[in-house]
Amino acid sequence: MTDRTPRFSASALRDFATSLMLASGFEKEKAEVTARHLVDADMMGHDTHGLNLLVAYVDHAASGGMTLTGDVEVVADRPAAITWDGRNLPGVWVTDKAVDTAIARARIYGQASIAIRRSHHIACLQTYLPKATEQGMMVTILSSDPHVATVAPFGGRRPLYTPDPLACGIPTDGDPILVDISASITTNGMSGRLAAEGKRLHFPAYLDAEGNLTDDPAVIEADPPGSILPVGGLEYGHKGYGLALMIEAATQGLSGFGRSAQAKGWGASVFVQVTDPAAFGGLDAFARETGWLARACRENPPRPGVDAVRLPGERALMRMREAREHGVPLFPGIMDRLTNKARSLDIAPPEPC
């Protein structure tokens with residue numbers, strides 16, 4: 001994106017996205033919550049996991065791949081441990097509801113965890129974190145898709161599991177730390193975008209079907225398919241491999257539904273945990289420690305070629321503040337696809353601000 005990239009009002013984008021989903025059969029709350037998180041993702045700079053997903057969500061709903069009405073099914077409910085069947089409802093709404101529920105339970109019990117099976121795709125994990133950190137809560141969100149396999153286990157070459165993202169929101173005495181990472185070197189979203197554009201990644205992050213290192217994301221869709229390397233790559237990929245096994249166990253094992261069930265369709269298994277520091281050493285003490293650590297990281301002398309040490313989420317928060325003031329830039333092609341979909345539904349797209 002450049003300085004000439006059109007920018008749009010965040011509220012106009014949310015209203016536009018909501019209108020598209022309402023016209024496609026989404027219930028009002030589900031459409032509004034989904035629109036808010038997708039636009040927040042673009043505001044934070046996660047342009048593969050924001051409005052870029054909306055046409056696919058709408059098309060999947062139209063084909064019957066997403067349940068648009070009703071509520072989650074409660075599979076199990078203890079005071080601080082809950083399991084939901086997401087019934088393939090909009091995953092962004094399901095996860096937002098889970099964070100709200102876990103925050104409320106954590107205020108009573110100190111911690112609360114929710115395992116979710118059969119949710120639809122949940123978009124950008126980082127956008128859920130501020131809701132908890134703004135209330136002085138630490139939140140962890142894990143996600144996997146039991147239907148998708150693009151990452152091979154360390155030492156292997158056949159794709160077995162997803163990039164398996166992990167996010168953690170940590171309140172401090174200043175801005176929160178907003179971690180959003182995955183157990184693989186890169187994501188399915190970025191790999192798909194590059195492959196569609198006929199481009200390669202700037203470093204080798206893939207194996208072809210024979211296990212040869214490559215920078216070509218097209219190997220993911222080849223026949224037979226290649227795979228994305230786990231975090232750590234060829235030499236230290238056991239680290240990402242171990243992280244992925246933990247995430248798969250928490251999302252699919254605890255929810256009781258996963259790869260062994262031969263899951264079909266685009267979706268997600270999710271694990272949400274919220275911790276109230278007040279139930280432990282106290283919020284003031286927690287924020288003092290995390291605030292000290294945050295400042296110590298920023299003040300650490302940067303290595304050559306680095307202007308400053310940043311914290312996870314620092315750039316996302318900076319981009320969000322800038323987007324609120326100057327408008328939201330969208331990656332080239334996203335508004336064109338949204339406009340084409342809007343025309344088919346007789347909805348006017350927003351004008352740049």
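Observations
- In percent, rounded to a whole number, the relative contact order of segment 185-311 is 12, using alpha-carbon pairs under 8 Å and six or more apart.
- Applying the Karplus relation 6.51 cos²θ - 1.76 cosθ + 1.60 with θ = phi - 60° to segment 132-137 yields 3J(HN,Hα) values of 7, 5, 5, 9, x, 10 Hz, where x marks Gly and Pro.
- Sequence-distant contacts, meaning Cα pairs under 8 Å at least 6 residues apart, place the relative contact order of segment 186-228 at 35 percent.
- Full extension of the chain between residue 15 and residue 63 gives 14.9 nm of extra length, using 0.36 nm per residue less the Cα-Cα distance.
- Packing rank of 245-257, 269-281, where each peptide gets the mean count of other beta carbons within 10 Å, highest leading: 269-281, 245-257
- Protection proxy ranking of 107-114, 194-201, 28-35 - average other beta-carbon atoms within 10 Å, highest first: 28-35, 107-114, 194-201
- For segment 186-228: span of alpha carbons on each principal axis (Å, largest first): 23, 20, 16
- Ellipticity estimate at 222 nm from DSSP helix runs (n ≥ 4, -39,500 (n - 2.57)) divided over the chain, nearest 500: -11500 deg cm²/dmol
- Cα-based shape type of the chain, given that a ≥ b ≥ c are square roots of the gyration tensor eigenvalues and the cut on a/c is 1.5: rounded
- Solvent-free Debye scattering, log10 I(q)/I(0), computed from the Cα coordinates of segment 236-353 at q = 0.11, 0.17, 0.18, 0.23 Å⁻¹: -0.87, -1.14, -1.11, -1.18
- Overall size of segment 91-144 from C-alpha positions, given as principal axis extents largest first: 29, 19, 16 Å.
- By average C-beta atoms within 10 angstrom, highest first, the peptides 75-81, 319-325, 143-149: 143-149, 319-325, 75-81
- Span from the segment 137-163 Cα centroid across to the segment 49-91 one, whole angstrom: 19
- Each Lys and Arg contributes +1 and each Asp and Glu -1, all at the Cβ; summed about the Cα centre of segment 50-197, the dipole is approximately 400 debye.
Every number in this text was worked out from the coordinates using simple rules, so none of it is lab data. From a predicted model like this one, the values you see are computed outputs, not experimental measurements. Here Cβ is always computed from backbone atoms with ideal geometry, including for glycine, and neighbour counts include all displayed protein chains.
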